[in-house]
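Data first, discussion second: the structure below is written as structure tokens.
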Amino acid sequence: MKCKRCKAKAVVSLPSHNTAFCKDCYPLFFTRQVETAIRRQKMFTHEERILVALSGGKDSLALMLELSLQGYDVTGLHIDLAIPRSSEKARAKVEAFCELHGLKLQVLEVANEGLPIPAIKKHINRPVCSVCGKIKRHYFNRIAREGGYDALATGHNLDDEAARLFANTLRWDAGYLSDQGPTLPAEEGFVRKVKPLYRLSEFETANYAFLKGIEIHSDPCPYSGGASFTNHKHLLGELEYKSPGSKFSFYEGFLKKGRPAFAMLNKEEGDEVSPCGECGSPTSLDLCGVCRIRTALKEKMAEAE
Amino acid sequence: MITVQVEPDGKTVEMHKVRTVIAMLNRLELRHTMALIIRDGELLTPDERLLHGDHLLVRKVTSAG
């Protein structure tokens, strides 16, 4: 198989684009896709400060490197979840990556915030993945807002976005369908959120990370067994195999035709938000979800002692 | 015979009479965009021929959370 661009030996074949690239041309394809995403979705400019959420996986580290190579003003944010035999490895990968590439990094330890994930798993009677996600989103927004960043960038890729859209559609969840997209503008205490990898699949991001020599944290989270999105990704992967390009069409079609309709519906039904009485984060109640979890955890731990 | 190391599963399998990357992926019941195939530090496309004694690394790309 030959590179479509320079005819050298190809190392990455992409059926969804009906093309293949050599190791030198592939990063250029990746760069073009990220540039197109940023431009078409009006994500940010070179004058703005971007906070990039770094988990240590291939997507977030590839995003951080690519944005820095494109000359954007990026700072990494890693959230240390305090999960034994997992969090320390992820943090080490992120710290080593940022040091190697001379990139700015901020680390937040949830244990110091009264929210260690193992204690939440033990004491809070809710799916731990859901609570963990809520905590991460809370601190991504809060640190971006308090640090005066213009946008928060995450490494969500096409597979993440298509799987999430599929799940939301199966439930016809109008609230989530109204605000899913690669750019969510800043509003009412929420910083602008962007997903510059939304045009690229997991496979495409993994190839970029490999060719750029990025050392990633690839161990699955010990608490994430049987997460439903993994099954949805598998289903969509089969669809993509039989009909290359269908994943992107599904997501792009939603952005053009579906989301505007759901956004209009939610505008009529949406809850009003105000600052949390404890931390100032936006919430539709007196206390935000994370402050309520912290209080509940404190009470449950005191009862257990 | 070829030796295939599958990540992040941490398993190693030996295969006989497998002559191409796509045939190896079929044995593992993987589509080609579900994993990176690496031989001697180089990525391989699905049409690539395999040789007796090859050691391959199959790195699945789907993140599990």
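Numbers for the structure displayed
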quantity: Among the candidates A:S284, A:S274, A:S249, A:S224, residue that is within 10 Å of chain B (Cβ to nearest Cβ), surrounded by fewer than 20 Cβ atoms within 10 Å (Cβ to Cβ) and out of contact with any strand residue (DSSP E or B) (no Cβ under 6 Å at 6 or more places or on another chain); calculated: A:S224
quantity: Conditions (1) more than 10 Å from every other protein chain (Cβ to nearest Cβ); (2) out of contact with any Leu (no Cβ under 8 Å at 6 or more places or on another chain); (3) surrounded by 18 or more Cβ atoms within 10 Å (Cβ to Cβ); number of the one not met by B:E48; calculated: (1)
quantity: Residue tally, condition in a helix (DSSP H, G or I), touching a helix residue (DSSP H, G or I) at 6+ places or on another chain (Cβ under 9 Å) and at pLDDT below 90, over region A:263-305; calculated: 7
quantity: Every residue from region A:146-187 that is among the aliphatic types (A, V, I, L, M), surrounded by 15 or more Cβ atoms within 10 Å (Cβ to Cβ) and within 15 Å of A:F254 (Cβ to Cβ); calculated: A:L158, A:A162, A:A163, A:L165, A:A167, A:L177, A:L184
quantity: Scope region B:1-24; condition free of Cβ contacts under 8 Å to residues at least 24 places away in the same chain and within 13 Å of another protein chain (Cβ to nearest Cβ); matching residues; calculated: B:G10
quantity: Pairs with Cβ under 6 Å, 6+ apart, first in region A:265-288 and closer than 16 Å to A:E187 by Cβ, second among the basic types (K, R) and modelled with pLDDT of 95 or more; calculated: A:S281/A:R142
quantity: The listed residue being away from chain B (no Cβ under 14 Å) and closer than 21 Å to A:E66 by Cβ, out of A:A174, A:A151, A:A90; calculated: A:A151
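The values are calculated or read from the model by the stated rules, or taken from the named source; none is laboratory data. All values derive from a computational prediction rather than experimental measurement. No Cβ is skipped: glycine too gets one built from the backbone with ideal geometry, and neighbour counts run over all protein chains shown.
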